[in-house]
1. Can you list residues whose amide H is under 5 Å from Y100's amide H, if they're 5+ apart or on another chain and H is modeled 1.01 Å from N?
2. Tell me, how many Å apart are the Cα centres for region 58-100 and for region 9-28?
3. More than 18 angstrom separation, counting every C-alpha pair in region 32-105; what % is that?
4. Could you work out the local net charge near R16, counting Lys and Arg as +1, Asp and Glu as -1, over the other residues with Cβ closer than 14 Å to its Cβ?
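Values in this text are rule-based calculations from the coordinates and carry no lab data. None of the values given here were measured: they were computed from a predicted structure. Cβ coordinates were reconstructed from backbone atoms using ideal geometry, including for glycine residues, and neighbour counts include every protein chain displayed.
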Amino acid sequence: MTTTNNTPAPAYARHRTVDEVVALATAQGIAVDTRKHDDTGHDYITVHMPGPTGEVVPVLYNTVNGRFFHASADVVHSFTSDTTDHDGQPWFDAMLALFYVDQEGA
């Protein structure tokens, strides 16, 4: 896989477990809401992280497949883990680091 500028995309060994994401986010002062996951078995948790404009946005993280996204009324500020459009941007790289374990850390 390559990014939109033809540089190699980062390789990840796996996505993090719920407990790993919660522990890492908490250590970084990032708010996480796991109520739906804990109470009803929902596949997603909500992580409140800085988004593309610096404001904190709710990011839904799928605990089963590791995908994440934020849907905004302003489509320009919506994003998903399925795209490489934001690779290399600090706010997006912070999300990748929170949700995935790189090859070296596996």
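1. Residues meeting the criterion, in which the H sits 1.01 Å from N, are R16.
2. Taking the Cα centre of region 9-28 as reference, the centre of region 58-100 is 13 Å away.
3. 39
4. Summing Lys and Arg as +1 and Asp and Glu as -1 gives -1.
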